[in-house]
Every structure is written in structure tokens, then in C-alpha cells.
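Notes follow once the structure below has been shown.
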Amino acid sequence: MFDLIIRSDRVVTPAGVAACDVAIKDGKIAAIAAAGTHDSKSAHRVIDATGKIVMPGGIDPHVHLKWYTPHPDGTVTYTDPPSIVSKAALFGGTTTMIDFARWTHGKTIQQAIEDRHKDWTAQCYCDYSFHVMVEGRLPPEIFGQLGEALRAGYPTVKIFTTDITPSRRGRMVDFGDIWEVFKVVAQGQGLCVMHGEDNDIVMHMYDKLKREGRTGFENLAEVHNALSEDLSFRRVLTLAENVPGITLYFMHVSAASGVAAIREARALGMPVYGETLHQYLMYTSEDYKRPNGQMYHTYPSLKSQADQDELWAGTVDNTIHTVATDEVCCALNVKTLGKRIDDTTGGNVGVEPRVAIMYTEMVGRRGYSLEKFVDLVSTNAAKIMGLYPRKGAIAAGADADIAVLDPAKRMTIRKEMLHEQDYSPWEGHEVHAWPVLTVMRGKVVVENGQFTADLADGQYLYRKISEEIRSGAML
């Protein structure tokens, strides 16, 4: 007997959209059959989701929870912890998040990973994993430590090509060290996730705008500009051409120039993947002029309408593969504390409405297929990050992570209906569907607004990047 059967006329599977019974047992999808195959005696519970969309749980490959945040006045705060954000994620149909284990000088990579586990273990409602983050000038011993981490199931390494702001000096990794990291990661069959901006251009623009007295945050697009993204992406790609076996994932692609660089590299057969954020797909630099315009910002900056148009084009032609959040969950008074180009807080509160907003914009307004939408919010992230087919698929043998969207739930987003902070940059957005049921590894954790998850439910996901992703053959 199955534990649970979910039945719908629109189940998004790797084979397409079909009317199916999704049978679940012991936390796994045990079978997929034609709708109506199983009667009520076949399972402890049958949920009839006819008329609703049954999809794999969303995957957000880029979040920052319980994240160290220094402020211009010398104070330090931490963003909201996994216990808060993972609850919001499940309400929004996202069942897996990937954060960062930040290495800093004076630690080993293993210590950084262990410290990060302390922030998450038994404190997260959904499943999760970490990218290893390195920064600054890298000591020789770190390369061996990275190799050990890759072999231990931490196969993705985050690298900055800029300090981002003058106050964060020491974040950037120089290209000699990036070269060495690439070689280690290629040898370890991993993947490098890149924050790509040209540091010379970024810091030059900070200095220039300060001299000109144009220091308001509304000028951020001039600092973190499209030229910076172009120069950095192309330099990184040139370096990658000289490291056999390296695989790249550009995080938070924000400009048309970044899309073009990835598109051209992929046309040459390079295993390169692109991520954008729902902020970039929905907002432009003009939104900085709105009241509390900082709430729309993340690093790199919002760009022009032309840049946004090209990001959307990238989701169509398989240049942009994932839509993430760069989640930084903090109160409005923290998000708007900075007023200048050099002190505005990045990140956003967005994990809960991500799936519904992207369904609305992709399927509802642009006519994307359900399969394409699911690829962008779930399946592609699972494939690229070494979680597929355990995650990101409604298929026999996969974890029973399932979100059910109800197209009858057309509504306007209000912060009061969400489960994170005291503001939402998505306030007032109309959505064409909303998650009404979330199942994580076979357990119903959200149903019609009722939350039944436990902090012990979240499991760490050890990963391995597939040969198909490393060769560029899968996507």
C-alpha cells in the first residue's frame, strides 16, 4: 500500500505533462500511472488535485541565510535564519535551497563547512546544501582542502571577481588564484559558481561618482554596470578555455552583455550555465527611484529595460537556465538603512513568491510551456547542481518533493499573506496561481495554509556533478 497518491490532469513529469496518479511510499515516488489507475484502497490517502498543476518542488540555488551583514555605522546584523526562510520557502512551493559555506582566513575549508552546518542542522524545514565560498588572496594549502571538500560531496565553489563595494575589500579572488581553483575543481569533477564583475571598473565608478557628488543609491546601475559584467564574464571564460574539464555557472546574470557572453561560449561547446534572479526579470534601474527603492536592489545592480529584455530572451534560448532569489531576508529598516552607492544592502526577500511569480510571468503572460517553467524554477538547478534525478523530477525513484499550484488562486500579493519579513518587494503583484499543497519527501508540509513541517525534517544534500553537466551534454 502506498502512503499517498496525488492525482491530477496536469502533472509535469520528465516525459511531459500528463494526467497521472503520483504514488508515494517511504518518502520516494514509487510509481507514476495514468490518472485513476489506483483506487482509494491503494493508499492511506488520495489527494485529488484535478484542475491544479502538480510539479516538482522548487529549487532555489542561491540564498544567504543567517548571513553576516556589516553596516556603515559599524554595527553588524545577521539575516534571518533557516528556520524562518525555509518555512516561507515551503509555503511558496520551494523544497530545496542552496546556501554558502564561507571560508575566511584563519580557517580551513573543513572548519568553514562545519561551522555552516551548525547554523543549519535541525534548524531548517526543507532540504538544503552549500556551495563552498572562497575569497581574497588564497593560501597555498587551501587548494588541497578544496579537493578534499569536492570529494566529500561539496562540489561547487563560489568565486568573486570583485570586492563588490569599497567596504568589502578582500572579497575578490585574483585571476592567478582563480586559475588554480579552476584546475582543482576540474580535477575534482566539480563546478565553479561565479560572481562576475570587473573590479577595476566597479571601483573606478565608485570613485568617479563620489567625486561628482552623485552618491545616492539610485545611481547604482552606473557603478555595477553592463560593461563590468561583459569584461569579467569574458575574462573568466577565456581563463576557462585554458583549463580542460572546468564547468562554470554564472550567478545572478543581470545584463545583456552577460547573456551574450554565455550564449557565445555555449555555442563553442563550453559547459557554461547562467542564472538570473526574479528581481532582474521584474525590475529595472528605474525602480530605484520609487519610495524605498533600495528594496529592489541586489548586487550586481538592476539594469536597463533592454538588459531585462535580453534576460527573458536568454530563458527562451537556453542561455539562462535557472531563476534564483539571492535571498537576503532582513527587515525593511535594515534593507533601507543604506542610502548611498557604497552602503546599500544587497539581496532580497523573495523565496516564497518566486514560484508563483515566475509561473505568472512565464506561463500566464509569455506563453511558456509548463515544462519550460518547471525547468527554470526547479529541474535545471537540480541537474546543474548535482541533485538530479533525486530532486527536480516527478519520476519513479525521486524524492517525493511536490508542489501543487492552483490556477484558481489568482490574487494580489500582500506582505501580510507571506511568512518572512515586514515588507515584500513583490507587494501589489498579481499572480495567476498560488501553491496550495507542498510535499517534502512524502510528508505533507503545507496544505491549504496549514503548516505541518518540523525543523528536523530538513536534510543536508551531498552532491556530485554529473558527467553530462560537466560535458555540456545535458542542457
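Computed from the coordinates by the stated procedures, all read-outs in this text should not be read as laboratory data. Values in this document were obtained by computation on a predicted structure and should not be read as measured data. So basically every Cβ, Gly included, is an ideal-geometry build from the backbone, and we count neighbours across all protein chains shown.
Here segment 394-475 was treated as a single set of alpha-carbon atoms; its pair distances binned every 5 Å from 0 give 3, 11, 14, 17, 17, 14, 13, 9, 3, 0 percent. Our note on the geometry: Cα centres of segment 86-116 and segment 261-332, 22 Å apart.
In this label model, A306 and F175 are separated by 2.6 nm, measuring between points 7 Å along each Cα→Cβ vector.
For the peptides 368-377, 135-144, the ranking by mean Cβ contacts within 10 Å, running from highest to lowest, is 368-377, 135-144.
Each listed q (0.10, 0.14, 0.16, 0.18 Å⁻¹) maps to a log10 I(q)/I(0) for segment 25-168 from the Debye sum over equal C-alpha point scatterers, namely -0.51, -0.82, -0.98, -1.14. Each label was represented as a point 7 Å from its Cα along the Cα-to-Cβ direction; for T104 and H44 these points are 4.5 nm apart. Placing dummy labels 7 Å off each Cα toward the beta-carbon, the span from H204 to A34 is 6.6 nm. Packing, taken as the mean count of other beta carbons within 10 Å per residue, orders the peptides 1-11, 183-193, 331-341 from highest to lowest as 183-193, 1-11, 331-341. Given R0 = 45 Å, the distance between the Cβ atoms of A473 and K339 translates into a calculated FRET efficiency of 0.40. Counting Lys and Arg as +1 and Asp and Glu as -1 over every other residue whose Cβ lies under 14 Å from the Cβ of A152, the net charge comes to +2. Diffusion of the chain by Stokes-Einstein, at 20 °C in a medium of 1.002 mPa s and with Rh set to the Kirkwood radius over alpha-carbon pairs, works out to 96 µm²/s. Full extension of the chain segment joining R214 with A152 gains 17.5 nm, where the gain is 0.36 nm per residue of separation less the Cα-Cα distance. Proximity of backbone amide H atoms, modeled 1.01 Å from N, is registered between M172 and G136, D163 at under 5 Å, excluding neighbours fewer than 5 places apart on the same chain. Highest-first packing order for the peptide set 267-276, 41-50, 394-403 is 394-403, 267-276, 41-50, based on the mean count of other beta carbon atoms within 10 Å. Once the Cα atoms are used to define both axes, helix 199-211 deviates from the longest principal axis of the chain by about 70 degrees.
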